[in-house]
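Heads up, the thing below is written out as structure tokens.
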Amino acid sequence: MIQHIPVRTDPPYTVTIGPGLLKTCGQSLRPLLGDCRLALMADSTVFPLYGERVEKSLREAGFTLVSHVFPAGEAHKNLHTLSQLLDFLAQNQLTRSDCVVALGGGVCGDMAGFAAAVYLRGIRCVQLPTTVLSAVDSSVGGKTGIDLSAGKNLAGAFLQPTAVLCDVDTLSTLPPALFADGAAEAVKTGILSGEELFSAIESGALEREPERVIAACVAYKAGVVERDEKEQGERRLLNLGHTVGHAVELLSGYTILHGHAVAVGLALICRAAERLGWTEEALSQRVCGCLHRCGLPTSTAYSPAQLAQAALSDKKRAGEKITLAVPLGIGRCTQKTIAVTELEAVIQAGMEA
Ligand SMILES: NC(=O)c1ccc[n+]([C@@H]2O[C@H](COP(=O)([O-])OP(=O)(O)OC[C@H]3O[C@@H](n4cnc5c(N)ncnc54)[C@H](O)[C@@H]3O)[C@@H](O)[C@H]2O)c1
Ligand SMILES: [Zn+2]
């Protein structure tokens, strides 16, 4: 079944989710983009798998197309690769009316999206996500960017995509650990959005009917992004599990994948919320059970002091205070601002007994 989720940002766009969408992407995009040139961008793993399918469909729909492949992996989400992407657009004389097509996971979406956001002060971009993480999270919402040597995602821009086409058939080539990695963001969205989505994920719906879970995650994120496009309030809730998650990633030198680190962060903040009396619900057992089912970790060997120090080097901190997304129950989350000096105690409270 093909699902269409509207995202009412300025400008608005639609996220389409279902099987077989890459094969027909040309005809889907033609009415939206009109007569223009396209720059297809993909990494060196995704292009050999799906590049030809996309190129063929785009050409058959009458688009003129140039393609650029960059090396796969987070280590290449940097200024050097970005500058190659921008040079590629300039050398091929893409104009203001042309469009970038980002085919791949979150790295490609973030980096090709950022190239589109800054090239000629902004051209259009279409997202074709091929990982669970990019399907449920990064392809929607308009955040684009790259990593700097000082930290992850430190340079970026907001650019809402013109369209998102999520072909769930692509998920079949994901190694299990990468499938699980994206599941962490789905579990996060389940905790935020409520019982219906959370219990579906708990019962294995992401593996069984990925389009249904992806559509529910996208619909939830779309609502949040519509109400707070530039992350000034409610959108910060999407950082649930990410304060500690980012710390775990950083301490591991990015050898622990984002979703695996976020899973640890989710487990930890749920336990902390219970032990500190912020919630009366017995959340953590349920959340940890769901994370384990997805093949994700719920504990870390790093100490509370190490985690707090790493978390406090994060860019989202404002002065002497830090705002945490805190779960009060499934479907009930809030933001809590604490002094930075209190963070270590919160993390301590959330460590596995
Ligand atoms: N913009 C946002 O709102 C947002 C939100 C969350 C995460 N992110 C970013 O997303 C990135 C992580 O995304 P990711 O996990 O998708 O990373 P990724 O794009 O690096 O993909 C992970 C790996 O899977 C490979 N791959 C992709 N699709 C495949 C497929 N269908 N079959 C086989 N292999 C495939 C890739 O080549 C890569 O090696 C991070 O850089 C993170 O900062 C952005
Ligand atoms: Zn995340």
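Every read-out reported here was derived from the displayed coordinates using simple, explicitly stated rules and does not represent laboratory data. In this text the structure is predicted, and so the values were computed from the model without any measurement. Methodologically, a virtual Cβ is constructed for each residue, glycine included, from the backbone with ideal geometry; neighbour enumeration extends over all protein chains shown.
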Filtering segment 245-263 for residues that are farther than 21 Å from residue 193 by Cβ and assigned to a helix (DSSP H, G or I) leaves a count of 8
Residues of segment 1-47 being basic (Lys, Arg) and farther than 28 Å from residue 223 by Cβ, which ones?
23, 30, 37
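Would you please name the residue that is nearest to residue 73 (Cα to Cα), looking only at residues in segment 92-105 that are free of Cβ contacts under 8 Å to residues at least 60 places away in the same chain and surrounded by fewer than 21 Cβ atoms within 10 Å (Cβ to Cβ)?
If we filter segment 92-105 for residues that are free of Cβ contacts under 8 Å to residues at least 60 places away in the same chain, which is where we start, we get 92-96.
Going one step further and asking which of them are surrounded by fewer than 21 Cβ atoms within 10 Å (Cβ to Cβ), we end up with 92-93, 95-96.
On the way: 92: 25, 93: 27, 95: 29, 96: 29 Å.
So the residue we want is 92.
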Restricting segment 265-286 to residues that are among the aliphatic types (A, V, I, L, M) and away from ligand 1 (no atom under 16 Å from the Cβ), the one surrounded by the most Cβ atoms within 10 Å (Cβ to Cβ) turns out to be 269
Could you tell me how many of the residues in segment 50-73 are within 21 Å of the chain's Cα centre (by Cα) and part of a helix (DSSP H, G or I)?
1
Output the residues belonging to segment 130-146 that are within 18 Å of residue 224 (Cβ to Cβ) and of a type outside the set (Asp, Glu).
133, 134, 135, 136, 138, 139, 140, 141, 142, 143, 144
Which of the residues that make up segment 39-63 are in contact (Cβ under 8 Å) with a residue 40 or more places away in the chain, in contact with a Ser or Thr (Cβ under 7 Å, 6 or more places away or on another chain) and buried (at least 17 other Cβ atoms within 10 Å of the Cβ)?
40, 46, 50, 51
Going through segment 131-145 in order, the residues found to be outside any strand (DSSP E or B), more than 6 Å from ligand 1 (Cβ to nearest atom) and surrounded by fewer than 24 Cβ atoms within 10 Å (Cβ to Cβ) are 142
